[in-house]
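Visitor: Let me give you the structure first, and then I'll get to my questions.
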Amino acid sequence: MQIESLKMFCDLAETESFTKAAQINSVTQSAVSQQVSALERIFKSLLIERSKKKFRLTREGQVLYDYSKQIIQTYESLHSKLQELKDIISGTVRVATIYSIGLHDLPAYVKKFMVSYPTVHIHVEYRRANQVYEDVFSNVVDLGLVAYPVKDPKIEIIALRKDPLVLICHPQHPFAQLKSVKLKSLATQKVIGFEPDIPTRKALDKILKEHGVEARHVMEFDNIETVKRAVEIDAGISIVPHGTVAQEITKQTLVAVPIGDGDFYRPIAAIYKKNKVLSPAMKQLLTILKETA
């Protein structure tokens, strides 16, 4: 029996999925099943109730998970400490990020990180916000990058920075000539927005409601790129984080207009599972990500 077998079992218990456990450990589903069977033979106990439609550990399986988790955390702490003593920064950091952060914020930080630590491999996956949280909870990734972070007892939240929200419109739109725009002006406009379950959309809906504004959404999308393309063809206006439209402003395909009712921001944060042992590579990446906090 090896540490890898116990880790694989813990990943299976946390994800409740042979597919995800295999993905985390870069093996086949069959290999995960074989490891579970081997552990059952070693401990002479049934660890998973296979007759149930829903994944469930047996009483013995839960005990094995609890103790295995302690063993793995101790092992990872030891490995991390030895790396620090030897001043070694290497390995792989798995990151799940929402599209807007991954496309517009993350690249510059990854580039800087890779210059300093070329032996570290950063694996980035682009996901919807709810999927980022799921990946962090189930240990599929090491770090998650989200906007409007949601407090949860199972995760640690590291605030990174706040991105100002601005109104964007086509260069020929009447708003493009204004120094600022009041939110009440949106009531007469066609609005391009995010889908209702997107955190930024929820935050914007709350802001508009507080100012007594009912926006008329003519299009709703799940990512910032499609929102921008719709505004570029003058299908409507939108409110987005300023950092996501810097390139379009420079090219003059979009105009960003400050909101006159006050300063509104989109907070960005890194999240990771509580009690997770941070490798030296993860610590250094977080340090770089926090530089503009």
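Visitor: I want to confirm something. Restricting to region 236-278 and keeping residues that are charged (D, E, K, R) and out of contact with any helix residue (DSSP H, G or I) (no Cβ under 8 Å at 6 or more places or on another chain), which single residue is modelled with the highest pLDDT?
Guide: Step by step, filter region 236-278, then rank; the result is 251.
Visitor: Specify the residue that is surrounded by the most Cβ atoms within 10 Å (Cβ to Cβ); the eligible residues are those in region 72-116 that are closer than 15 Å to residue 285 by Cα and among the hydroxyl-bearing types (Ser, Thr, Tyr).
Guide: Applying the filter and picking the extreme gives 97.
Visitor: In addition: Name the single residue, out of those in region 244-293 being within 18 Å of the chain's Cα centre (by Cα) and among the basic types (Lys, Arg), that is farthest from residue 14 (Cα to Cα).
Guide: Per the stated criteria, the residue is 266.
Visitor: Examine region 243-265 for a residue that is out of contact with any Asp or Glu (no Cβ under 8 Å at 6 or more places or on another chain), in a strand (DSSP E or B) and of a type outside the set (A, V, I, L, M, F, W, C), and state whether such a residue exists.
Guide: Checking region 243-265: not a single residue is out of contact with any Asp or Glu (no Cβ under 8 Å at 6 or more places or on another chain), in a strand (DSSP E or B) and of a type outside the set (A, V, I, L, M, F, W, C).
Visitor: Also: Could you run through region 44-89 and say how many residues are outside any helix (DSSP H, G or I) and hydrophobic (A, V, I, L, M, F, W, C)?
Guide: Of the residues in that region, 7 qualify.
Visitor: Mind listing just one residue for me: the one in region 147-172 that is farther than 26 Å from residue 232 by Cβ, in contact with a strand residue (DSSP E or B) (Cβ under 8 Å, 6 or more places away or on another chain) and aliphatic (A, V, I, L, M) and, of those, surrounded by the fewest Cβ atoms within 10 Å (Cβ to Cβ)?
Guide: 159
Visitor: Next question, about the same structure. Could you tell me how many of the residues in region 163-217 are of a type in the set (Lys, Arg) and not in a helix (DSSP H, G or I)?
Guide: 4
Visitor: Let me ask something else about it. Of a type in the set (Ser, Thr, Tyr) and surrounded by fewer than 21 Cβ atoms within 10 Å (Cβ to Cβ): does that describe residue 287?
Guide: When the stated conditions are applied, residue 287 passes them.
Visitor: Kindly list the number of the only condition in (1) part of a helix (DSSP H, G or I); (2) modelled with pLDDT under 90 that fails for residue 92.
Guide: Answer for residue 92: the failing condition is (1).
Visitor: Give the residues of region 265-282 that are among the hydrophobic types (A, V, I, L, M, F, W, C) and surrounded by fewer than 18 Cβ atoms within 10 Å (Cβ to Cβ), sorted by residue number.
Guide: Matches in region 265-282: 277 only.
Visitor: Picking from 230, 269, 256, which residue would you name as being touching a residue at least 12 places away in the same chain (Cβ under 8 Å) and closer than 30 Å to residue 78 by Cβ?
Guide: None of the other options fit; the residue is 269.
Visitor: Scan region 109-132 and report the pairs whose first residue is of a type in the set (A, V, I, L, M) and whose second residue is part of a helix (DSSP H, G or I), with Cβ atoms within less than 6 Å and a gap of 6+ or a chain change.
Guide: Cβ pairs passing all conditions: 120/281; 122/110; 129/199.
Visitor: Regarding region 76-92, can at least one residue be identified that is touching a residue at least 12 places away in the same chain (Cβ under 8 Å) and closer than 28 Å to residue 224 by Cβ?
Guide: yes
Visitor: Tell me which residues, restricted to region 134-149, are at pLDDT below 95 and farther than 17 Å from residue 277 by Cα.
Guide: Answer for region 134-149, where residues must be at pLDDT below 95 and farther than 17 Å from residue 277 by Cα: just 134.
Visitor: How many residues are among the small types (Gly, Ala, Ser), touching a residue at least 40 places away in the same chain (Cβ under 8 Å) and touching an Asp or Glu at 6+ places or on another chain (Cβ under 9 Å) if we restrict to region 39-75?
Guide: Matching residues across region 39-75 total 1.
Visitor: State whether one or more residues within region 187-201 are of a type in the set (Phe, Trp, Tyr) and in contact with a strand residue (DSSP E or B) (Cβ under 6 Å, 6 or more places away or on another chain).
Guide: Going residue by residue through region 187-201, those that are of a type in the set (Phe, Trp, Tyr) are 194.
With in contact with a strand residue (DSSP E or B) (Cβ under 6 Å, 6 or more places away or on another chain) added as a condition, the list becomes none.
Among the residues of region 187-201, not one is of a type in the set (Phe, Trp, Tyr) and in contact with a strand residue (DSSP E or B) (Cβ under 6 Å, 6 or more places away or on another chain), which makes the answer no.
The values are calculated or read from the model by the stated rules, or taken from the named source; none is laboratory data. Note that the structure is predicted; figures quoted are calculated from it, not measured. For neighbour counting, all protein chains shown are included, and Cβ atoms are generated from backbone atoms with ideal geometry for every residue, glycine included.
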